[in-house]
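The values are calculated or read from the model by the stated rules, or taken from the named source; none is laboratory data. Quick caveat: nothing in here was measured; it's all calculated off a predicted structure. All Cβ positions, even for glycine, are placed from backbone atoms using ideal geometry, and neighbour counts span all protein chains on display.
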Ligand code: F6P
């Protein structure tokens, strides 16, 4: 039996993303207007529940004007996993399970339910908290659009616009100077941003983690274009792309083992392509620009729909679930089915097929 709800908390975890504030606004509005609940804002992801001093009530004044703002008014963190939390003790870093403290704080603060907005890592933690008795619902978020439970995540559309806009602008210099322009976009495990911005921006080569590439094939494409009188090429590369022999082009970072640092991949690739193709090559790294800026109308609407639906899930006592978009309609799915399975690009699927029909090379 779930407890009756009067007060709910909301936190945003993982990398920031356009549309987070739309979710926060919708949660606060729906909770107040439809149910008369109090909403507490938890700062900096799960950290805010480990150190609860900065938790604050969110009222109409706090959410006024935030719909158009990027980032998250609550702050976020992509490091604070309470089940493996690094702490300094006697001058040394020790990793501890601080989840009992977090769960105790939930009760101490008087939170009847918790709305967790975040990507796969954040939702995995939400699931573990739910298994330990917390009344949790999830809202999926990532610019990478790689969560399998939902057709699309908010933030992706805005990131796609940013990347496409950059490719459009880079075309000018590519064409005027007869250059190879390499543009790196985000996408650690999935190439959705690279693939769709590449198609939208008319890229000649698109490199994604799902389709390993060889340098020779990229250079072949550049030469074919030159032979046809097109002395410039645009290469869109996802940060997680891999060579045909299986190597990522980035060294593992110390901070988060699997995360490439922006620029590593494009700079390595740009140097290789420039040398092998014997053509002037320039590199542009979009990095965190893709995570910033005002959310697109689509992301504002999706974030608002997700936020309001998450509050309805709480009201119905449907905990341990995550809202999602399926066939254009807002649904929900159990967290345990939603986490751990990434939605990657199908190398034999329609998007890649369309790009190939347009003459795009994947370097394979
Ligand atoms: O998950 C979104 C994402 O933008 C990835 O594509 C990227 O690798 C990562 O976040 C970068 O995160 P950080 O903010 O830690 O550099």
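When residue 173 is tested against (1) in contact with a strand residue (DSSP E or B) (Cβ under 9 Å, 6 or more places away or on another chain); (2) under 20 Å from residue 306 (Cα atoms); (3) surrounded by fewer than 24 Cβ atoms within 10 Å (Cβ to Cβ), exactly one condition is not met: (2). For the stretch 52-62, a tally of residues being surrounded by fewer than 21 Cβ atoms within 10 Å (Cβ to Cβ), in contact with a helix residue (DSSP H, G or I) (Cβ under 9 Å, 6 or more places away or on another chain) and under 24 Å from residue 123 (Cα atoms) returns 4.
Of the residues that make up the stretch 168-184, is at least one at negative phi, in contact (Cβ under 8 Å) with a residue 24 or more places away in the chain and within 15 Å of the ligand (Cβ to nearest atom)? So far as the stretch 168-184 goes, yes, one or more of its residues are at negative phi, in contact (Cβ under 8 Å) with a residue 24 or more places away in the chain and within 15 Å of the ligand (Cβ to nearest atom). For residue 40, the test of being more than 14 Å from residue 304 (Cα to Cα), away from the ligand (no atom under 16 Å from the Cβ) and assigned by TED's automatic domain parsing to the domain that holds residue 305 is passed. Could you check, for the stretch 160-179, whether at least one of its residues is in contact with a helix residue (DSSP H, G or I) (Cβ under 7 Å, 6 or more places away or on another chain), over 30 Å from residue 322 (Cβ atoms) and in a loop (DSSP other than H, G, I, E, B)? Checked against the condition, which is being in contact with a helix residue (DSSP H, G or I) (Cβ under 7 Å, 6 or more places away or on another chain), over 30 Å from residue 322 (Cβ atoms) and in a loop (DSSP other than H, G, I, E, B), the stretch 160-179 yields at least one hit. Of all residues in the stretch 152-167, those satisfying the criterion of being over 15 Å from the mean Cα position of the chain (by Cα) and either in contact (Cβ under 8 Å) with a residue 24 or more places away in the chain or surrounded by 24 or more Cβ atoms within 10 Å (Cβ to Cβ) (or both) are 164, 166, 167. Listed by position, the helices (runs of 4 or more DSSP H) contained in the stretch 262-364 that have at least 2 residues being crowded, with 20+ Cβ neighbours inside 10 Å and not assigned by TED's automatic domain parsing to the domain that holds residue 180 are 297-315, 335-338. All told, residue 217 falls short of being more than 16 Å from the ligand (Cβ to nearest atom), over 28 Å from the mean Cα position of the chain (by Cα) and surrounded by 19 or more Cβ atoms within 10 Å (Cβ to Cβ).
Counted as qualifying within the stretch 53-151 are the strands (runs of 3 or more DSSP E) with 2 or more residues that are within 16 Å of the ligand (Cβ to nearest atom) and touching a residue at least 24 places away in the same chain (Cβ under 8 Å), namely 113-118, 136-140. Checked against the criteria, residue 24 does not count as away from the ligand (no atom under 16 Å from the Cβ), touching a helix residue (DSSP H, G or I) at 6+ places or on another chain (Cβ under 9 Å) and assigned to a strand (DSSP E or B).
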